1. From largest accessible area down, sort A:56, B:129, A:70, B:202; use a 1.4 Å probe on the protein chains.
2. Compute accessible area for region B:45-94 by itself and then with all protein chains, 1.4 Å probe, and report residues whose area falls by 50 Å² or more.
3. May I ask you to give the percent of accessible area on region A:43-150 that is carbon plus sulfur, with a probe radius of 1.4 Å?
4. Using the Karplus equation 6.51 cos²θ - 1.76 cosθ + 1.60 (θ = phi - 60°), what ³J(HN,Hα) coupling, rounded to whole Hz, does each residue of region A:79-84 give in order, writing x for Gly and Pro?
5. Take the solvent-accessible surface of the protein heavy atoms, probe 1.4 Å, and return the percent of it on chain B that carbon and sulfur atoms account for.
6. Anyone know which of B:40, B:92, B:70 comes out most mobile in the 10 Å Cα GNM of chain B?
7. Between the DSSP loop rule and a limit of at most 13 other Cβ atoms within 10 Å, which chymotrypsin sites (Phe, Trp or Tyr not before Pro) in region A:136-193 are left?
8. Provide the per-residue ³J(HN,Hα) series for region A:33-43, in order, calculated from phi with Karplus coefficients 6.51, -1.76, 1.60 and θ = phi - 60°, each as a whole number of Hz, with x at glycine and proline positions.
Amino acid sequence: MEHVELFFKSIFIDNMVFAVFLGMCSYLAVSKKVSTAVGLGAAVIFVLGVTVPLNWLLDQYLLQDGALAWLGPEYADYNLSFLSFILFIATIATMVQLVEIVVEKFSPALYNSLGIFLPLIAVNCAILGGSLFMQAREIPSFALALNYGISSGIGWFLAILAIAAIREKIRYSNVPAPLRGLGITFIITGLMGIGFQSFGGMLTGDNEPPEGTVPTTAEKAIEEKEIKKEIEEDEKAVSYNDVINE
Amino acid sequence: MALLSKKDANLILDPLADNNPITIQVLGICSALAITAELKASVVMAISVIFVMGIGNVVISLMRNIMPSKIRIIVQLVVIAALVIVVDQVLKAYAYDLSKTLSVFVGLIITNCIIMGRFEAFALGNGIWRSFLDGIGNALGYGVILIMVGFFRELLGSGTLFGIPVLGDPIAKTGLYSIGYENNGFMIIPPAALIVVGVIIWVQRSRNRALIEEA
């Protein structure tokens, strides 16, 4: 159950593009045609699916506070978490290079469709972001980390596929000249993001509100005031009725 | 401008407007949008990027002749990651709340395409001083957009600037709120940042027709 929940949550609610804006650079640059968008999207799913679980292992057995305890009790006091940025990015860069070499060797067909995007991906914020969010949210198990990597990749894939399809169509529309290209893409993405916000109501299980919707203190104060007012009005109404009855 | 020749001054001034990294080069958008709901976070992010880019460009420029081009991407990533760790640790030590707000986005400066983009496009082919100016200039251009977006989102969304109420008190109905003004909660949600940047691009390109893209 928690797998299903995490799967849908990372695709729709915490969508990489619409909720946290990760991987926007390649999202904007490579979304002019559906076919290239599909290639890049598939590569992102693949690389996220490989690097997030790998970095989970690194985090669990090397970086976390006390993670070195498996080496012996004298290592239990070390906290190497300040090294996570450099280790995560090194893992990602080497994995991407490795995957490129392996794919080129064993599946030239796949390499031709996916290969040119692989170097681009090393510096895609969605990949590093996946690992950093995995660390920040303290995902508890290897299987869940794998799930998180793949499902957030699918979320990114859906987003770039959708914007590429829209951009192919929008060429036939009469967009105001200064908005053409980049400007209109930004605004469409914003509107799609608002659409995706409505998935926030889909949260299952625990009642934790999605990030960004936590009411501010000002809003809370207003709410409390309104509730008080209502209670007072109710009291007034009651006393009024009582008077009539008497 | 005795300090800077005209050519050098342009390195700083160009990215501020007509060659802005965000609105024209389309680099570094990822981190630009997520943290701009508050002005304070935007300013800190801008300063961090200025620091990382200024120093990073100098380091890469120093190493440009001894670095084998095959492994340059990894070398660049390591240089940036080291600088970002410094920023992250400083923020954690002196502005803990803020580093909580920025959460993973400090780490994402590493994959900010502006930095890699400028390393590749400029620092690999130019001397130290010019690379430094280019780094500072582009980071400033990035910061200007960040601060603009942060300013509008915080002002219209919460009625505050740097957390200080400027439009009156929404609960006690003073200032603008006394005549029926309401905060636009829409500006706080993440997608609003995209729309604000879209409008900035629109305004900039209507003022300078040369920047309009061929559809």
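1. A:70, B:129, B:202, A:56
2. Buried by 50 Å² or more upon assembly, which counts only protein chains, are B:74, B:77, B:85.
3. 68 percent
4. Residue by residue, region A:79-84 yields 10, 9, 4, 5, 8, 4 Hz.
5. On chain B, the fraction of accessible area on carbon and sulfur atoms equals 67 percent.
6. Answer for the Gaussian network model of chain B: B:70.
7. Passing both the DSSP loop test and the Cβ count: A:172.
8. My calculation for region A:33-43 gives 10, 4, 5, 5, 4, 4, x, 5, x, 4, 4 Hz in order.
The values are calculated or read from the model by the stated rules, or taken from the named source; none is laboratory data. All values reported here derive from a predicted model rather than from experimental measurement. Quick reminder, even Gly has a Cβ in these numbers, built from the backbone with ideal geometry, and neighbours come from all protein chains shown. Ligands, DNA and RNA are excluded from the accessible area calculation, which covers all protein heavy atoms including side chains. Shrake-Rupley method; radii C 1.70, N 1.55, O 1.52, S 1.80 Å.
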